[in-house]
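Visitor: What follows is a structure written as structure tokens; I'll ask about it next.
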Amino acid sequence: MSDSTGAKRVTLLGLGAMGTALAEALLAKGYGVTVWNRTPGKAASLVAKGASQADSAGAAVAASELVLVCLLDYQSVHDVLCDAQPELAGRAVVNVTNGTPGQARELAAWASERGATYLDGGIMAIPPMIATAEAFFFYSGAQAVFDAHRDALDVLGESHYLGEEVGLAALYDLALLGGMYGMFMGIAHAYALVGAAGESAGSLAPFLARWLVGTDAMVVGTADRIDRQDYTTDVVASLAMQSAGYVNHFVAAEEQGISAELLAPLDPLMKRLVAAGQGHADMAAVVELLNTRKE
Ligand code: FVH
């Protein structure tokens, strides 16, 4: 859908930190952007840059074929889209709100019942990264929506379409966020440990950054072992060795007067594998214990 100037139109529902960054990126590339937000005052800076502010979610949805949704959570998405139900038919809804694969499947079915096509998205960026080379997005669901609106989606960041299974974008998004939070647990523990000894975080930072950057090889190597289901060949750092040394984290934490609770969950998993005779295996074997559907 284009306006009288020929500009392609995009509607954006939600003007939090991320929705505002998405709208700004589209405006900067010459898209005609209609915005709506529950708290209307947040649209002022975008209107000053050329956005049109709709006075209801329904009016915003009516304004463009492509409707980008960026709200706090799926409850807010349901609240907002329910108010715009009559206008949804014929719309391409691209929802980049964080959620679960199950929520994405449920919303896709709900949208389809109302005549809209649905693409789910996961944003792998923080607002200042939007429209830079560092930002990337996962998409899954209706390929027709992805293909038809790829130009607009590519403005926001590098687009990765994962397939028609609509839950995949949320799955990949949560997988990457899980990796990030796991890394943050290690970072927090490291700074707490040195901090309790009177060392500044800044004195450790260059070494910690160098150490963590080196984990990219571990990411790829672990994936290879998991996909081959072979945790034993070429092991240079066995579970038995790592489990034996892991206790030092708890002893040192106690000596320094800090909690080691962020590191604690890995300890019993390593011990279970060693007790089961897998001490010679690689740490990647821990993944096998996390699948609770396996007997
Ligand atoms: N910001 C970030 O770094 C991350 C990066 C990765 C992706 N996430 C996800 O993006 C979604 C939006 O995040 P956000 O940063 O824009 O969040 P807020 O600034 O808190 O804005 C929230 C917007 O949602 C509106 N809202 C909340 N509840 C309702 C509701 N019941 N009905 C209608 N709108 C609602 C809120 O409106 P208002 O408070 O201004 O009236 C904001 O527009 C999110 O899924 C992240 O996980 C961001």
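The values are calculated or read from the model by the stated rules, or taken from the named source; none is laboratory data. Note that the coordinates shown come from a computational prediction; the quantities given were computed from them, not determined experimentally. Cβ coordinates were reconstructed from backbone atoms using ideal geometry, including for glycine residues, and neighbour counts include every protein chain displayed.
Visitor: Which of the following residues is surrounded by 17 or more Cβ atoms within 10 Å (Cβ to Cβ), within 15 Å of the ligand (Cβ to nearest atom) and either at pLDDT 95 or above or under 23 Å from Ile126 (Cβ atoms) (or both): Ala57, Ala62?
Guide: On the way: Ala62 fails: within 15 Å of the ligand (Cβ to nearest atom).
Being surrounded by 17 or more Cβ atoms within 10 Å (Cβ to Cβ), within 15 Å of the ligand (Cβ to nearest atom) and either at pLDDT 95 or above or under 23 Å from Ile126 (Cβ atoms) (or both) holds for just one of Ala57, Ala62, which is Ala57.
Visitor: Another question, then. So which residues in region 93-105 are within 16 Å of the ligand (Cβ to nearest atom) and part of a helix (DSSP H, G or I), if there are any at all? Explain how you work it out, then say what you get.
Guide: Taking region 93-105 first, the residues within 16 Å of the ligand (Cβ to nearest atom) are 93-104.
If the condition is that a residue be within 16 Å of the ligand (Cβ to nearest atom) and part of a helix (DSSP H, G or I), then Pro101, Gly102, Gln103, Ala104 are the ones that fit.
Visitor: Every residue in region 179-218 that is among the β-branched types (Val, Ile, Thr) and modelled with pLDDT under 95, please.
Guide: Val213, Thr215
Visitor: What's the number of the condition Gly41 fails, among (1) more than 12 Å from the ligand (Cβ to nearest atom); (2) assigned to a helix (DSSP H, G or I); (3) exposed (fewer than 13 other Cβ atoms within 10 Å of the Cβ)?
Guide: All conditions are met except number (1).
Visitor: Restricting to region 145-161, and then to whatever is part of a helix (DSSP H, G or I) and in contact (Cβ under 8 Å) with a residue 40 or more places away in the chain, can you tell me which residue is surrounded by the fewest Cβ atoms within 10 Å (Cβ to Cβ)?
Guide: Looking at residues that are part of a helix (DSSP H, G or I) and in contact (Cβ under 8 Å) with a residue 40 or more places away in the chain, I get Asp151.
Visitor: Filter region 146-190 down to the residues that are of a type in the set (Gly, Ala, Ser) and over 17 Å from Ala108 (Cβ atoms) and list them by number.
Guide: Ala152, Gly157, Ser159, Ala175, Gly178, Gly179, Gly182, Gly186, Ala188, Ala190, listed by residue number.
Visitor: Can we say Val235 is assigned to a loop (DSSP other than H, G, I, E, B) and surrounded by 12 or more Cβ atoms within 10 Å (Cβ to Cβ)?
Guide: Criteria met by Val235.
Visitor: Restrict the check to region 273-293 and report whether at least one residue is modelled with pLDDT under 95 and polar (S, T, N, Q).
Guide: Yes: one or more hits.
Visitor: Further, regarding this structure: Taking region 108-134 only, how many residues are over 18 Å from the mean Cα position of the chain (by Cα) and either of a type in the set (Phe, Trp, Tyr) or within 16 Å of the ligand (Cβ to nearest atom) (or both)?
Guide: Here the count works out to 2.
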